[in-house]
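A quick write-up on the structure given underneath.
Coordinate-derived values only; no laboratory data. This structure is a prediction, so every number in the text was calculated from the model and none was measured. Cβ coordinates were reconstructed from backbone atoms using ideal geometry, including for glycine residues, and neighbour counts include every protein chain displayed.
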Amino acid sequence: MTSPTTMQNSQVQNTQKKYSPLKEFWKSFKKQKAALVASIFIVLLIVVAFIGPYIAPYDPFEPNYDALLEGPSASHLAGTDEYGRDIFSRLIVGAKISLMVSFSAVFLGLILGTILGLISGYFGGWIDKIIMRSCDVLFSFPDLLLAIAIVALLGPGINNVIIAVMIFSVPSFARLVRGATLNAKENVYVEAAQSMGASHVRVLWKHIFPETISELIIFVTMRIGTAILAASGLSFLGLGASPEMPEWGVMLSSGRDYLGTSSHVVIMPGIAIFLTVLAFNLIGDGLRDVLDPKIKNN
Amino acid sequence: MWKYIARRTVEMIPILIVISILTFLFIHFIPGDPARLVAGKDATLEDVENVRHELGLDKPILKQYVDYMKNLVTGELGTSLTTGLPVIDMFKTRFMPSLHLTFLSMFWATLMGLVIGVVSAINKNKWPDYFGMVTAVSGISIPGFWLGLLLIQLFSVQLGLFPTGGLDGFSSYILPSLTLGAGIMSMIARFTRSSMLETLQADFIRTGRAKGLKEHSVIVTHALRNSLISVVTVAGLQFGFLLGGSVVVETVFSFPGMGRLLIDSIAFRDYPVIQSALLLFAFEFILVNLIVDVLYTVLNPKIQLNS
């Protein structure tokens, strides 16, 4: 015969088993319609970026001098460019470059910024001062200008764009994580872990870092949009990808001479950048509504 | 108040010194031999040495920095390698158009952002709110260089209302300022909306309505006025966004400002101009942030200056 206490315990265990933070998150996130649509768009875009070269209807690099600057049609969905290359195929292949540049720049910035922010907030003192003053110096240059300065220094090229966008992302991540760390380290469980002799690395990784994750997720999403704009802006200025690459900013820049006669050459890559950045911003907004405790409580 | 301004100004000095060191070292960070890069691939060894001497790179590094600082203090920013003109003279013709463009962008962006934000807040979850917020999120997501090209195509090429580029009177500022201000307008609109929604819940608004004040008076005189302090601060702090954006927008519109000068100098590896332009941008940004900080404390009586 089962005692009432045992039954209660098993009920509690069942309830505990049923609770999943991921399920809770999904329940709230799917109510954010715009963010949900944006997420589907981004997932599709990532799939397209991976399988792009296999599904592109034309060779994105192959010129076709019989089809120069043709408008959108059934055979060329987004028209052709000044060399007769299919713009739709170039957009598909270019998705990989644009996403790769922004993802790598933001994730490298995230890793470096998070480490600096955790160290700064946790240890305080002179380490904190040095890290934060260095961030202040980087903050003294507007984002895009800092990126331009770095590319001017290192020379044009896609890898240098990644480095430039990464560097301007680092101070923002560092400041955000430092703030979250300062809050988290006041928790009793952190003190308990420290008094039990846990190493600094263990305390930071196991107890403090998880507290910063929700803020980081929101910020990373927003930052990817900014990175796409910055990277395509640098390419537009001739400081990013090389002119023959199907990078969206480059496509827009090379098409600007034909704006008066064949505006689709400029409009199509612009739409691709705009929709992608919009999608990341909408996801960021949605995530903030779901994850930010201040907004949630309101 | 003056004590506070003095303290904040003194706090700026170490950052300015570090920035001056960074911009000074800019030329030394360049991978390879900067003198060889400036002189070009086909230059003879003698040409390279001449360039090295011209740039002062043959002196000990500390001496170079001391000379650089001395020149900075006296307003001597060196000579452009491409035009042969003093850099300060080039800045004199380029700085004011850029400044006018930035302020005009900020003016209309703040005005439109406030209007959209207030209209959205007082019509929460109705179509003006949806329309306003769709405009705002689009404004943040739209690439400035693309918006600029679309505006040129529509208003200059098709309708012939404004010049396609260059600087020829006030009309040359309209399209570039609309392009540059779009992002800030969107941020201000979003911030005004959330700030107004918060203020409209406050007790003093309920009291105002209870004592029979007209809705117009409640919104404009009480709610908006209260939200304005933080909105203006946010607008000021976005100034850096305008400075960065101006580089792109000036390139799209062939606008003869500081941003265009910077990009042209990068293309021609005109390092004295690049160094000084970066320094000027950073100084302008820090100065505006200081002014915004001081204004915020002046406008907001809740902030204690000594704290």
(message) Please report, ordered by residue number, every helix of chain B (full DSSP H runs) that is 24 Å or longer along its axis going by C-alpha atoms and whose mean Kyte-Doolittle hydropathy reaches 1.0.
(response) B:2-29, B:87-122, B:271-299
(request) Hey, could you get me the Stokes-Einstein D for region A:30-134, Kirkwood radius over alpha-carbon pairs, 37 °C and 0.692 mPa s, rounded to whole µm² s⁻¹? (result) 191
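Return the tail of the calculated pair distribution for region A:86-166, meaning the percent of Cα-Cα pairs more than 21 Å apart. Could you put the intermediate results ahead of the total?
Working: 1431 of 3240 pairs.
Percentage above 21 Å: 44.
May I ask you to sort A:M251, B:M12 by Cβ crowding, counting other Cβ atoms within 10 Å and putting the fewest first?
B:M12, A:M251
Beyond 16 Å, what percent of the Cα pairs of region B:136-248 remain?
Result: 67 percent of Cα pairs exceed 16 Å.
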(message) What are the equivalent ellipsoid semi-axes of region A:106-215, built from the alpha-carbon gyration tensor (square roots of five times its eigenvalues), in whole angstrom, biggest first?
(response) 31, 13, 10
(request) Based solely on C-alpha atoms, express the radius of gyration and the Dmax of chain B in angstrom. (result) 23.9, 86
(message) Using Cα-Cα distances under 8 Å and only pairs 6 or more residues apart, what relative contact order does chain A have, in percent?
(response) 23
(request) Can you check what the net charge comes to around A:L69, using other residues whose Cβ is under 11 Å from the Cβ of A:L69 (Lys, Arg +1; Asp, Glu -1)? (result) -3
(message) Taking only Cα atoms of region B:64-165, what ratio of Rg to Rh do you get with Rh as the Kirkwood inverse-distance radius?
(response) 1.20
(request) Can you grab the distance from the C-alpha centre of region B:71-104 to the C-alpha centre of region A:238-261, Å, no decimals? (result) 30
(request) Note down the net charge around A:P246, summing +1 for each Lys or Arg and -1 for each Asp or Glu among other residues with Cβ under 12 Å from its Cβ. (result) -3
(request) Rounded to the nearest 10 degrees, what's the angle between the helix A:158-184 long axis and the longest principal axis of chain A, both from Cα atoms, 0 to 90? (result) 20
(message) Need one number: the % of Cα-Cα pairs in region A:131-191 sitting beyond the 14 Å mark.
(response) 61
(request) Straight distance only, please: which lysines reach the Cα of A:K23 with their own Cα at less than 25 Å, same-chain residues fewer than 8 apart left out? (result) A:K31, A:K33, A:K206, A:K294, A:K296
(message) With only alpha-carbon pairs counted, each pair once and no self-pairs, how large is the Kirkwood hydrodynamic radius of chain A in angstroms?
(response) 21.9
(message) Using a 10 angstrom Cβ neighbour count of at most 14 plus a DSSP loop assignment to flag exposed GluC sites (Glu not before Pro), which longest range of chain A is free of such sites?
(response) A:83-185
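Among A:R256, A:R85, A:R90, which comes first, then next, by fewest other beta-carbon atoms within 10 Å?
A:R256, A:R85, A:R90
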(message) Rounded to two decimal places and with Rh computed the Kirkwood way over Cα pairs, what is Rg over Rh for region A:151-298?
(response) 1.15
(request) Using only the alpha carbons of the protein assembly as shown, determine the length spanned along each of the three principal axes and report them from longest to shortest in whole angstroms. (result) 99, 68, 62
(request) Could you pull out every one of the aspartates and glutamates with an alpha carbon less than 13 Å from that of B:K41, ignoring same-chain neighbours closer than 8 positions? (result) B:D33
(message) What whole-number distance in Å separates the alpha-carbon centres of region A:124-175 and region B:203-241?
(response) 36
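Within 10 Å of each residue's Cβ, count the other Cβ atoms and sort A:V203, B:V247 from fewest upward. Present the calculation step by step, with values, prior to reporting the outcome.
Values: A:V203 21, B:V247 26.
Ordered from fewest to most neighbouring Cβ atoms within 10 Å, A:V203, B:V247 come out as A:V203, B:V247.
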(request) Measure nothing but the geometry: give the 0 to 90° angle between the long axis through the Cα atoms of A:87-123 and the longest principal axis through the Cα atoms of chain A, rounded to 10°. (result) 30
